[in-house]
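Structure, as structure tokens:
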């Protein structure tokens, strides 16, 4: 993967080249090498085209060159469609020619196995040598609808309409379906990029480029793998913070089977989908579950202003769909607006008696343009309304096209968003066409209309948040932590001892229940007294994982004599049942009662790096999967959201007369763990299970800590 | 609501009338009274039409009658489109004429308020008096595409294609959208009924009618309220058991806001959506979340054989969509089939080297008809494959229509289901049209294709289940239970005392933790001794709901002296804190330790009657909403599914060395509670919280029982 010195990339030469050489094109129509030249030629490209085809004098009546080096004029960008084994030579010659931007369409690289991977690495070497910015290989190409350039450097069947949505895709084939889908819905694109194997330019480079692209307002991303998760998050955060452009992601390979199917066709490896989900939420990327959902959401934000609030007016000419929309609005956490008296009065005045003037407003089946006009204008003007959702069913008296035009007028005049659902298909087709041509978001189902509105509202809210700067707790001693970790590594151990784990936690100020090792009955009695009664005693042995099963744990020991006796009993039992186990002795800790138990952890994800985990109690994590992940470092708001998003949060906060936990102290522990995860990348996995959360003001303490390096 | 003596309904006269009088039609085009006559006239109706219009000599060149009684020939069915205030008179005259079937299109009844409701009740009276089977009022009408009759007795804009899907809708306006949607997708209907306010004929009558309709294979239902839930369940169970016809339901009013919107436009009242969900699952009705989902599922079952298993072959010409489909298949609990060696060999032989011959089969972007042919035929013939999912993206070399025809041929020859997703829109439109005309289910998204296949598979599995006959446990004494309930009613009490609640449980053989009332310190000591130590003591007072907060509960009392002391302390504290509370004394129970706690309950639902509730522990029900409902009476399989479907089931079953609960005893308790709920309809609500579930073989016992009558 290329390092992200984004400013040095020649992406302008990819998107706005003044001249292009197409290497490997032919006159055999119906082939990719032919189609790609034709698309450039007839697509209205405003620069100069040079076909390079060793075997032809001309391509589609344009004079051809045998080699790119034969072209006398300067060339800004190359499109390479040679068979894969010739691509390296072609790129080398581009380099010699002084070309700094290339798109390699050809397949036959990383995705085909070790040989292809070697070929791809050679490509990368050549690109680096000549400072060539490279898109592909194994891609559909690049489209830029900007009239300044009108570039269709792809073998897509068609040039899309111009628009303010950018689409970036790892899969080439999906692009053809997307272009077809978009065309019929009049969805326009600013840039359309199939980036394939991303040998050089990645989705991250493209995000930074699109950040500064004035033609792009919404960015759509299809990925099958996330190689550099933290880079992606950082780029997304920058794009959203600086420009407010929403980024929507469709990420496949959610299931193991899907991930392995993805690996077999792109040679990619997928990380944990759950962590990916959490990371996207954290950095503000909107993750969608289908292509259709992605476009449903995108047009709401690309076509209309973002809603300032979540109070919607629903306008319909049919009761049933009004009910469906109401259900969907509420389930999407929108509010069905309460109109002001003025609005109610206006509706009462103009609508027939049988109409429902409450929200959802039912203008009744025989409504024509005029009733929609009144309902839309009066509700959109209502200060209690943040947007309008307009539903139409094709009844015999419905003047569908007139109503569509009416809707367009209102949307143009209002600074509140207006979304529509003209239900049906054939009868409403002309009306829908009017809406889409005027960039009014339209949805076949009222339900999807509601979820699109809700998505736009959520994005608007998240965009307004202050940046969540990583917390930096006092009293963390990274030197001490490193020393502990180094010691384990020097000894060749992957798992830290209980003592070392405690030291590591203490180095970062995570309070622990101190444990004392006893190696005789007398020591046990003394250690128990020092810890303070009641105490817990546990066998200390790396070889014994399920301590409870082996009767290696004794609770609620109340005197020194009991402690001595328990020591003997534990050692005896273990020697009988598991004589081969290496036993260090018995650990003695003060027994914590009346506390709530949570789990804290660190995981190292191949895409996202340090990840912090939080869950409520062992059984909850296991049975209810009540666990939350976030990519470190964590900010204060992120920490709070982790705690509040677990399902068991009401228990932590104290329900029905039960005691609350010390949430402030818990937040502090998460902050320290996050710091530790970032400072010590050697830690592969860490588990604090349980962390006792005491009453407010009394803090937390970690009990059983496991660390893998 | 009419009683369901279904055989006496004249629904044949509604759907297959030999003659029809249209009462209230006019020549004013663009009005409902005009359109409805025109639809009948030009729709190809095979019987004789009689317009009845007091003011016109003829309607659209057909001789008109002033009154229905003026028609000399016999008339089988009436369609009434008069204004609402004239409908009663018109129906009365129909009765006098000897007509036994009528459709009242007109609105202005129950849905408009008390006056309209009175008018609707008059309609019902007249219908009963003359034994008229009535559809409506407030509906779009009835369509029957059977060539024998070709009936379009509706004001829908169009006559749908004939097909094997029946559509029943409470909302008229939604029908117009559905007809429009269906037309463009070549979805055909057998019967299409908008039944409006269901003054007489309900969805239940229609289900029974469609059960015996040879033209109908799949039944779709849109409801805004379920009036007679148990009747609906019974009808559905009969339809599915006897004919195997799937029933799909879209039920709006899921949220409170949606329900109240529904109420305002149909005058209906919605019950609990959660109970409705459970009931539908129980009786085999497939509940859908949108109209689109309903049709997506319906065509899979109406067009193709049901899958015999869940192992699918995915065939695609593009990797990305193949990954998306794989994800979706797995998330829908389908299996990505493992091909036999023979199939693998065939694929290897015919497909190019770069193709992926594992499942998902990627025939590669330049695939034409021949590669699809090989991939489809060899996988469909594979004994490890239960169905095929065929994906196409429109690439420049794809011969879309030829591939569509190929798909149709294979589907016709195979007894395994084949579903398709030709992605895009304009380019693939002709291909999709070929598929739909040949009744090959098609989906824009691979994801919805997968969920439709999964729905068909689930239905096939549920249809194969043995009927789940209600369990009838021994040793239930309904006489004794009635006596307890009668006593409370006689005393005018809505809430049973703790003692009475226990008696009620005991009458049905539900084991309880016996409790003893003590009214002095001495009695407390004696009662504690009789119960067996340790005991729990609780203040006994109907006025004190939160006993714990008032220090009215003391646990773990180990001696008679402690019991006496605790009695004094409890009484003293309550007298100080809540002197106005009427206190009966203190309840003393043996304290149960080491048991798991679950909640059992009875609720009375306005639509579904007796409902049994089951959940795991108070905090789980409250925080995780881990609770399951089922409509009583329960069968053994239903009881087992309730227990297994709670999220905390693994805890009950015993995880990680923790003890399991006595699940057999828990099943028995649920069976007894179900019997009690059915036998004693006076019980409005009952809660056993907790029911202690002891170790296997040791049974359960109910502790705190609350009963409302």
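The values are calculated or read from the model by the stated rules, or taken from the named source; none is laboratory data. Note that this is a predicted model, so its numbers are computed, not measured. Here the Cβ is made from the backbone with ideal geometry for all residues, glycine too, and neighbour counts use every protein chain on show.
Per this entry, residue A:340 is counted among residues that are surrounded by fewer than 19 Cβ atoms within 10 Å (Cβ to Cβ), under 43 Å from the mean Cα position of the chain (by Cα) and more than 14 Å from chain B (Cβ to nearest Cβ). Being on the phi < 0 side of the Ramachandran plot and surrounded by 15 or more Cβ atoms within 10 Å (Cβ to Cβ) is a property that residue A:446 has. On the stretch given as the range B:286-299, residues that are in contact with a helix residue (DSSP H, G or I) (Cβ under 6 Å, 6 or more places away or on another chain) and farther than 12 Å from residue B:455 by Cβ total 1. Against the list (1) away from chain B (no Cβ under 14 Å); (2) surrounded by fewer than 20 Cβ atoms within 10 Å (Cβ to Cβ), the condition residue A:440 fails is (2).
Number of residues in the range A:395-418 that are at pLDDT 90 or above, part of a loop (DSSP other than H, G, I, E, B) and either touching a strand residue (DSSP E or B) at 6+ places or on another chain (Cβ under 9 Å) or surrounded by 16 or more Cβ atoms within 10 Å (Cβ to Cβ) (or both): the value is 4. Strands (runs of 3 or more DSSP E) fully within the range B:29-116 that include at least 3 residues being over 37 Å from the mean Cα position of the chain (by Cα): B:48-52. Inside the range A:16-49, residues that are more than 14 Å from chain B (Cβ to nearest Cβ), under 19 Å from residue A:144 (Cβ atoms) and surrounded by 22 or more Cβ atoms within 10 Å (Cβ to Cβ) make up a count of 5. In the range A:619-626, the condition of being in contact with a strand residue (DSSP E or B) (Cβ under 7 Å, 6 or more places away or on another chain) and touching a residue at least 24 places away in the same chain (Cβ under 8 Å) is met by no residue. Would you confirm whether any residue within the range B:347-354 is buried (at least 23 other Cβ atoms within 10 Å of the Cβ) and within 12 Å of chain A (Cβ to nearest Cβ)? Checked the range B:347-354: no residue is buried (at least 23 other Cβ atoms within 10 Å of the Cβ) and within 12 Å of chain A (Cβ to nearest Cβ).
Among the residues of the range B:362-369, is there at least one that is in contact (Cβ under 8 Å) with a residue 60 or more places away in the chain and in contact with a helix residue (DSSP H, G or I) (Cβ under 6 Å, 6 or more places away or on another chain)? Looking through the range B:362-369, none of the residues is in contact (Cβ under 8 Å) with a residue 60 or more places away in the chain and in contact with a helix residue (DSSP H, G or I) (Cβ under 6 Å, 6 or more places away or on another chain). State whether one or more residues within the range B:477-485 are in contact with a helix residue (DSSP H, G or I) (Cβ under 6 Å, 6 or more places away or on another chain) and outside any helix (DSSP H, G or I). Checked against the condition, which is being in contact with a helix residue (DSSP H, G or I) (Cβ under 6 Å, 6 or more places away or on another chain) and outside any helix (DSSP H, G or I), the range B:477-485 yields at least one hit. Regarding residue B:584, is this residue within 14 Å of chain A (Cβ to nearest Cβ), in contact with a strand residue (DSSP E or B) (Cβ under 8 Å, 6 or more places away or on another chain), closer than 24 Å to residue B:507 by Cα and in contact (Cβ under 8 Å) with a residue 24 or more places away in the chain? In short, no. Residues in the range B:310-327 include none that are surrounded by fewer than 18 Cβ atoms within 10 Å (Cβ to Cβ) and either over 22 Å from residue A:173 (Cβ atoms) or within 8 Å of chain A (Cβ to nearest Cβ) (or both).
Report the residue count in the range A:595-629 for those that are outside any strand (DSSP E or B) and within 14 Å of chain B (Cβ to nearest Cβ).
Adding up the residues that qualify gives 10.
Taken together, B:561, B:530, B:540 contain a single residue that is more than 30 Å from residue B:672 (Cβ to Cβ) and not assigned by TED's automatic domain parsing to the domain that holds residue B:669, which is B:561. Inclusion of residue A:202 among residues that are more than 24 Å from residue A:100 (Cα to Cα) and either surrounded by fewer than 21 Cβ atoms within 10 Å (Cβ to Cβ) or under 18 Å from the mean Cα position of the chain (by Cα) (or both) is not warranted.
Within the range B:218-257, the residues that satisfy the criterion of being within 14 Å of chain A (Cβ to nearest Cβ) and either in a helix (DSSP H, G or I) or closer than 15 Å to residue B:298 by Cα (or both) are B:220, B:221, B:222, B:249, B:250, B:256, B:257.
Total residues in the range B:275-308 satisfying the condition of being within 14 Å of another protein chain (Cβ to nearest Cβ), assigned to a helix (DSSP H, G or I) and surrounded by 20 or more Cβ atoms within 10 Å (Cβ to Cβ): the figure is 6. Candidates A:424, A:431: the one that is surrounded by 18 or more Cβ atoms within 10 Å (Cβ to Cβ), without any contact (Cβ under 8 Å) to a residue 40 or more places away in the chain and at positive phi is A:424.
To keep it simple, each residue is scored yes or no on (1) assigned to a strand (DSSP E or B); (2) in contact with a strand residue (DSSP E or B) (Cβ under 8 Å, 6 or more places away or on another chain); (3) more than 21 Å from residue B:132 (Cβ to Cβ); (4) modelled with pLDDT of 95 or more.
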site	(1), (2), (3), (4)
B:1	no, no, no, no
B:7	no, no, no, no
B:14	no, yes, no, yes
B:27	no, yes, yes, no
